[in-house]
Amino acid sequence: MTTENSPGTKSDGAGGAAVRKSSWRYIGPGMVVAATGVGAGDLVSTLLAGSKFGYTLLWAAVIGCIVKIALAEAVGRWHLATGRTLFDGWRSLGAWTTVYFAVYVVVWGFVYGATAMTTSGLPLHALFPDGPGLKFWAILSGLAGLAVVWFNRYAVVEKIMMLFVGVMFVVVVYLAIRVSPDVPALFSGLVPTLPDGSVFYTLGLIGGVGGTITMAAYGYWVNAKGWTDSGWMKMMRLDNRVAYVTTGIFVVAMLIVGAELLHAANIALTDGSEGLVDLGDVLEERFGSTTAVLFLVGFFSASFSSLVGVWHGVSLLFADFVERVRAARAPNGERPEDSAKQVSRGEREKSTPFRAYMLWLTVPPMALLWLEQPFGLVIAYGVLGAFFLPFLAGTLLWLLNTDRTPHAWRNGLLSNVMLVVGGLLFFVLLVEKIRSLL
């Protein structure tokens, strides 16, 4: 990684920043946000879609990937074009964004912490069934994620995440090849169709490819990488596209596994992350214990990478939130200057609010490992979580089409269309989520 001008750089024509040459060796933040977004829940929803409808909903996974590329690009463009953080942009839209985020980040973080620890502990418990129980592995996973983020800065976290991305990608693609996909049927799934009873699964595939709140963290990771001005725009776009194409391949591979291994044999999985343990049993019966172990290792990689990514990325968001609230209360409404440079120096990663939120994600949620999640808390978590992507798409449309963004970097027609389409799709998913909860 470097923040120096590359030889032969030129002005971007929109503020004088030197354009850095895009290079594959700089890729990183996109992989981090994509790996964080693809967790056990996405594995299960993709598998279930494949097991129930074969390849029919492949087109939905492709659309989901394209929409997420547009969302992440918009987040990164805001950070690089303005030199301001996303939460700083939200605050400029009114106090309502602060109220929403404050409620969201507290409730969501409490329930997600328990969920992430449990899903990371499940494959470990399946790998070592005679060892300590699931609660032990869940707590160990949470503490391990806390240690990884607490004692390291972004550069090290990125390397760890890239390792997990590599493991889960290789394992899932290997499984997709092993089950011998029906290639003609696979390509036929690119034609949009909606079989009876498939609407919820279709929306889940579109909304579940690559994250929710962690997409908002992309700009913070871009800044932490050292990309702090519009000269890095080309590199950010390459990074984002490579990451979500990789995610798309990963999702298609999981759909193939569901279609060939489960749909063809009419095998049903348990709802929730426990269904992945069931899949491990199916793989062991058909392909042997080695393949089953490899899958559980990939399952753990997907789950633990999501845990580490949230512990780091959402904590950055929370730390920025606290900075903005404090600044608003300061004399004359002063705010920290050049927040992007603060992130690049790693100051926010070692701040008290950053570490406090990591502890909030880790320690209080451990109580939910013993207690049934309260019904009201589950509903609030589900509704707030489903609302975040419409909120993100809507606020990005607002920020990137007004004078808050330099004219040269405002939305074009394609960006506006993709954000509107994404926002509408996510709103429909929100309505369906509320209906299912209530």
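So what is the relative contact order for segment 24-437, in percent, with contacts set as C-alpha pairs under 8 Å and at least six apart?
35 percent
As a quick test, which of the pairs Lys68/Lys350; Lys159/Lys350; Lys52/Lys135; Lys135/Lys433; Lys68/Lys234; Lys68/Lys159 have an alpha carbon distance above 21 angstrom in this structure?
On the way: Lys68/Lys350 29 Å; Lys159/Lys350 19 Å; Lys52/Lys135 31 Å; Lys135/Lys433 28 Å; Lys68/Lys234 17 Å; Lys68/Lys159 23 Å.
Violating the 21 Å limit, Cα to Cα: Lys68/Lys350; Lys52/Lys135; Lys135/Lys433; Lys68/Lys159.
Once you have the Cα-Cα distance between Ala102 and Leu413, take 0.36 nm times their residue separation minus that, and quote the gain in nm to one decimal.
Gain in length upon complete extension: 108.7 nm.
Provide the three semi-axes, in whole Å and in decreasing order, of the ellipsoid equivalent to segment 24-437 as defined by the square roots of 5 times the Cα gyration tensor eigenvalues.
Values: eigenvalues 223, 120, 77 Å².
Result for segment 24-437: semi-axes of 33, 24, 20 Å.
Can you sort Thr56, Thr193, Thr46, Thr98 so the residue with the fewest Cβ neighbours within 10 Å comes first?
Thr193, Thr98, Thr56, Thr46
Rule-based calculations on the coordinates, nothing more; no lab input. Predicted model, so just to flag it, every value in this text is computed and none were measured. Here the Cβ is made from the backbone with ideal geometry for all residues, glycine too, and neighbour counts use every protein chain on show.
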